[in-house]
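To start, the structure under review is shown below, and the notes come after it.
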Amino acid sequence: MEQEGNPAGQNHLVWRCGSCHGLITSVEGGWVEWLATESQQGDVVLKGLRVVHRFTNSRRCHYDFRQEFEQDGSIVEGLPLERFVGPDGLMLLLFFLAAGQMPKDDVLELAKRVQIPGYEQARELLQNAQHEGRITPAIADGYYLQVEIQELLRCTSERTNRVRQG
C-alpha cells in the first residue's frame with residue numbers, strides 16, 4: 001500500500017469517494033461536502049456529510065446543486081479535504097460538533113477517517129471483522145486503537161500476499 005503525505009505532516013493512505021467509491025489518492029484530490037437546509041423552526045440543519053473527489057473529470061461525484069435545491073431546498077456546501085486534516089482540521093471538526101448543526105455520528109466518522117492513521121483503509125475490514133467476531137475493540141464498537149488497526153491491515157496484507165503467491 002502506498003502512503004500519501006499531507007500538509008500537516010501526517011501520513012494517510014487513500015480515501016474512498018462517497019459518490020463513485022473510487023479512490024482519492026491525495027489530500028489535495030479530496031473534497032468534503034454536505035447539504036444545508038432550514039428546519040421548520042428556522043434553524044440551519046446540515047446533513048449528507050461525505051468525502052468526494054475534488055476534481056471529477058468525467059465522473060460527477062459532487063452533489064447536484066440544482067437537484068438538491070429542487071428536492072428539499074438544500075444548498076450544497078463544502079471545503080477542501082485538506083481543511084479537515086491535522087490540528088486545524090481537528091479543531092474545525094470539533095467546532096462542527098460543538099455547533100450541533102451537523103449529525104454527530106457523521107462528524108465523528110469523518111474525524112476518524114481524516115485524523116486516525118490507517119482508519120480509512122481499515123474501516124470496512126474492521127466492521128467486517130467485528131461483525132464476524134474476529135476482533136473485539138478495546139474501546140467500543142467503531143472506536144479502534146492503532147494496534148488494532150495496524151494488526152488488521154498487516155494480517156490482510158499477509159493474507160493477500162499468500163493468495164497472490166499460492
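The values are calculated or read from the model by the stated rules, or taken from the named source; none is laboratory data. In this text, all values refer to a predicted model and were calculated from it rather than measured experimentally. So basically every Cβ, Gly included, is an ideal-geometry build from the backbone, and we count neighbours across all protein chains shown.
Which residues, counting only those in region 118-146, are surrounded by fewer than 12 Cβ atoms within 10 Å (Cβ to Cβ) and either in contact with a Gly (Cβ under 6 Å, 6 or more places away or on another chain) or among the hydroxyl-bearing types (Ser, Thr, Tyr) (or both)?
The answer is Thr136, and nothing else.
When only residues in region 29-77 that are small (Gly, Ala, Ser) and in a strand (DSSP E or B) count, which is nearest to the chain's Cα centre (by Cα)?
Out of the qualifying residues, it is Gly30.
Yes/no per residue for (1) within 26 Å of Glu28 (Cα to Cα); (2) modelled with pLDDT of 95 or more; (3) in the same structural domain as His21 (by TED's automatic domain parsing); (4) not in a helix (DSSP H, G or I):
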site: Leu79; (1), (2), (3), (4): yes, yes, yes, yes
site: Glu120; (1), (2), (3), (4): yes, no, no, no
site: Gly133; (1), (2), (3), (4): no, no, no, yes
site: Thr136; (1), (2), (3), (4): no, no, no, yes
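Hey, can you tell me all the residues within region 87-118 that are over 15 Å from the mean Cα position of the chain (by Cα), among the small types (Gly, Ala, Ser) and assigned to a loop (DSSP other than H, G, I, E, B)?
Gly100
Inside region 15-41, can you point out the residues that are of a type outside the set (Ser, Thr, Tyr), modelled with pLDDT under 95 and farther than 12 Å from Val52 by Cα?
Once the filter is applied, which keeps residues that are of a type outside the set (Ser, Thr, Tyr), modelled with pLDDT under 95 and farther than 12 Å from Val52 by Cα, region 15-41 yields Glu38, Gln40, Gln41.
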